[in-house]
């Protein structure tokens, strides 16, 4: 008997949780569960700022898709989706190119049901020079690239100070966008700079780091209550971050960021962390309905509007909150909740039962300022996000989010074991990844 084939595109937080649920529920007897992903390993996206700053060794925290698939009864295909044939029910996979050579040609994968969880990429809004001169933190490769360049500039300054102790040598970092990623990266950089003295850069410290955080809106962290955003801003300023709000970027050159007022902000490293959009390949893919930002439009059941056999969830979909024109926010908690709904609806669709609508439950927002502080709000659905938390309680809840992610993708037994291993690693492994 021909197996029912369910293809999931994208191995982020939502996609990886979905294939685990499907593999555990159906096994390999009557279903063929396939994950298509362009990376070989998974790292939780909210941790990429720590990878970029060297505070987290992704080699220890990443998940191998092949190993995970073997454990949870799904197959892993390395590749990128570049088309959908809805009539024949095939997903087209782009050729695998290495050093200019085609290792694996283009091919197709059949599906009976398709779930797209392709995530998002940073939206530079077409700002002149942004794509050429800015670094982004969309994946592990980009985070590693930032860390390598950061360490090279720190080494440059340390060497200069060794030869000329009175030199005005600094590592200048400009971050565009003061949402969670921009704010967390700014704080993590100072944590890393303070630790470098223990790893051979004796004359380098946090005073040699100049970070500028640039936000077009009136305040940082718009997802948080104003009081907490102000507390986070005060903490950043105390660290040494220059916070510029109400400042729009006009263009970017190799040497500086140019604001609309004509001010030049010199920077050795420029990071764009403002806004997201879907990957360009999703635009009208397979004739599906998409938004101007290349996100797939879905119904309340998370099925795409033009094909009931195709689901989309996570950052790559445009799903409106019930009774509003506001989209579900692009957060890890939303992807986790959507994965559960898609899993339930895939079962119901095959059993010919009525599908359920996705209901977003806002559990609040948390922002970590590295070891210095954590701020956030909880129970967004219940009390409008007005339960503000700070300090150790906020830090505990923030760390719990990653622990919940580990349990969601590994199950309770292995998830708890990995949490315990993580505690040991924080004690025995180096504070910074310097390679």
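Coordinate-derived values only; no laboratory data. The model shown is predicted, which means the values in this text are computed figures rather than measured ones. All Cβ positions, even for glycine, are placed from backbone atoms using ideal geometry, and neighbour counts span all protein chains on display.
General remarks:
- Footprinting exposure proxy for 219, 361 (fewest neighbouring C-beta atoms within 10 Å first): 361, 219
- Stretchable slack from residue 155 to residue 412, in nm (0.36 nm times residue separation minus alpha-carbon distance): 88.2 nm
- Under 18 Å from the residue 254 label point (7 Å along Cα→beta-carbon), backbone N, the range 113-149: 128-135, 149
- Shape category assigned to the range 126-274 from the gyration tensor of Cα positions, a/c cut at 1.5: prolate
- Residue 210/residue 29 FRET efficiency (R0 41 Å; Cβ-Cβ; nearest 0.05): 0.10
- Footprinting exposure proxy for 317, 154 (fewest neighbouring C-beta atoms within 10 Å first): 154, 317
- Sequence-separation-based contact order of the range 126-274, relative, with Cα cut under 8 Å and 6+ spacing, percent: 33
- Extension gain from residue 138 to residue 324, taking 0.36 nm per residue of separation minus the Cα-Cα distance: 64.1 nm
- Förster radius 30 Å - calculated FRET efficiency between residue 219 and residue 299 (Cβ-Cβ, nearest 0.05): 0.30
- Measuring nothing but how far apart in sequence close Cα pairs (under 8 Å, 6+ apart) lie, relative to its length, the range 1-52 scores a relative contact order of 47 percent.
- Taking the range 31-97 and dividing mean pair separation by its residue count, relative contact order in percent (alpha carbons under 8 Å, at least six apart): 37
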